[in-house]
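Below you'll find the structure, written out as structure tokens, and then a few comments.
Coordinate-derived values only; no laboratory data. Keep in mind that what you see is a predicted model, and the values were worked out from it rather than measured. For neighbour counting, all protein chains shown are included, and Cβ atoms are generated from backbone atoms with ideal geometry for every residue, glycine included.
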Amino acid sequence: MEKLNGKQLILRVDAGTQIGTGHLMRCLALTQAWNDAGGQVIFITACQVDGLLQRLRDEEFDIKLLSSTYPDTADWNFTRDILAGHPDTWVVLDGYHFDGVYQRRVREAGHRLLVIDDMNHLNHYYADIVLNQNLHAEKLRYACEPCTRLLLGTRFLLLRREFLAWKEWAREIPEAARRVLVTLGGGDPDNHTLKLIHALQEVGTPDLEGVVVIGAGNPNASVLEKAAKQSHIPIRLVRDAKDMPELMARADVAISAGGSTAWELAYMGLPNLVLVLAENQREIAEELQVWGLGINLGQPASVTEREIGNVLTKLILDTARRKEMSERGRQIVDGCGAARVAAILGGESR
């Protein structure tokens with residue numbers, strides 16, 4: 001794409017224990033592509049997680065910290081003042097709390113607007129562009145402005161720069177899987193990770209070992225550390241992982257939530273069991289199952305530790321299925337989505 005020559009991109013996105021980190025991390029992917037093309041980035045966020053904020057600082061992005069978030073009126077007042085200093089700039093909204101009113105205010109302030117969405121949960125979208133990076137996106141019927149452009153499907157999936165270094169890497173599929181990666185996102189306030197540690201104890205295959213990744217804002221770290229030490233199989237607990245692609249590359253199979261991480265796993269060709277931790281993950285998990293990219297375990301309350309262990313055991317021993325899942329993931333997620341979206345925002349279509 002052509003160089004952006006300092007063009008600015010403003011993102012309004014939050015992250016935390018309750019809402020997780022997925023919104024911010026996929027916005028990070030987009031801004032990395034924008035920055036690589038010579039653009040400048042401003043993040044407006046109420047995120048209070050030091051590890052996540054440091055990720056943005058490491059990219060040398062301009063960070064504007066909010067003390068409260070929408071629908072608190074202080075949010076829009078703070079954001080409006082920043083937007084006023086950057087006329088005719090693309091604004092990106094990512095978060096289910098940004099309703100039609102918020103979208104309309106951004107447009108009325110004279111800015112072009114990209115809304116990143118997963119569920120088509122609003123009565124109307126006022127954005128110039130709506131981006132839904134999920135497999136089910138093309139089935140949705142968005143109520144939007146006549147001029148709204150829809151970017152739908154995994155062609156526009158936002159992957160961070162560190163994943164792209166693995167594009168030419170080829171995964172080896174062992175006859176029996178041995179290394180299990182567990183990752184339920186940056187928050188997990190209900191501590192479903194503990195249930196998965198217990199589920200690993202139900203697997204009867206030899207030489208099993210686990211790596212459990214938790215976010216910087218996970219409130220249950222001490223409980224999980226104790227459970228990992230008491231496990232009868234080796235389990236390494238990793239907090240605020242700095243290199244997720246490396247951890248995914250080393251694993252043979254994963255258990256994740258049905259959010260953005262599931263698409264990262266698909267790109268890395270890692271067979272995956274998927275838990276549905278929120279309503280916005282339900283359709284993603286169902287489509288992953290339909291397309292042969294993952295096995296949908298459903299909601300945590302609907303599946304026991306033993307059942308999870310049994311499903312995992314079958315996948316560990318099914319070489320052909322793991323190979324097929326791995327190949328499908330690499331076919332469906334090509335890693336170019338962030339660059340495509342940045343090019344569109346920058347005025348170049350592809």
Percent antiparallel among DSSP beta bridges (both partners in the chain, rounded to 5)
0 percent
Rounded if a/c under 1.5, otherwise prolate or oblate - region 164-220, Cα gyration tensor axes
oblate
Looking only at region 1-154, where both bridge partners belong to it, what percent of the DSSP beta bridges are antiparallel (to the nearest 5)?
5 percent
Long-range amide H contacts for Gly298: which residues qualify at under 5 Å (H placed 1.01 Å from N, peptide plane, sequence gap of 5 or more or a different chain)?
Val276
In degrees rounded to 10, the 0-90 angle between helix 73-84 Cα long axis and the longest Cα principal axis of the chain is 60 degrees
Region 164-332: translational diffusion in µm²/s, Stokes-Einstein, Kirkwood Rh over Cα pairs, 10 °C, 1.306 mPa s
101 µm²/s
If a/c stays under 1.5 just call it rounded; otherwise compare a/b with b/c (prolate if a/b is bigger, oblate if not). Do that for region 252-350, with a ≥ b ≥ c from the square roots of the Cα gyration tensor eigenvalues.
oblate
Number of Lys pairs in the chain with C-alpha atoms less than 21 angstrom apart, excluding same-chain neighbours closer than eight positions?
7
Report the FRET efficiency, 1/(1 + (r/R0)^6), for Gln299 and Val223, where r is their Cβ-Cβ distance and R0 is 22 Å, rounded to 0.05.
0.55
If one compares the long axis through the Cα atoms of helix 22-36 with the longest principal axis of the Cα atoms of the chain, the angle in degrees, nearest 10, works out at 60 degrees
Under 13 Å, Cβ to Cβ, from Gln54 - net charge with Lys/Arg +1 and Asp/Glu -1:
-2
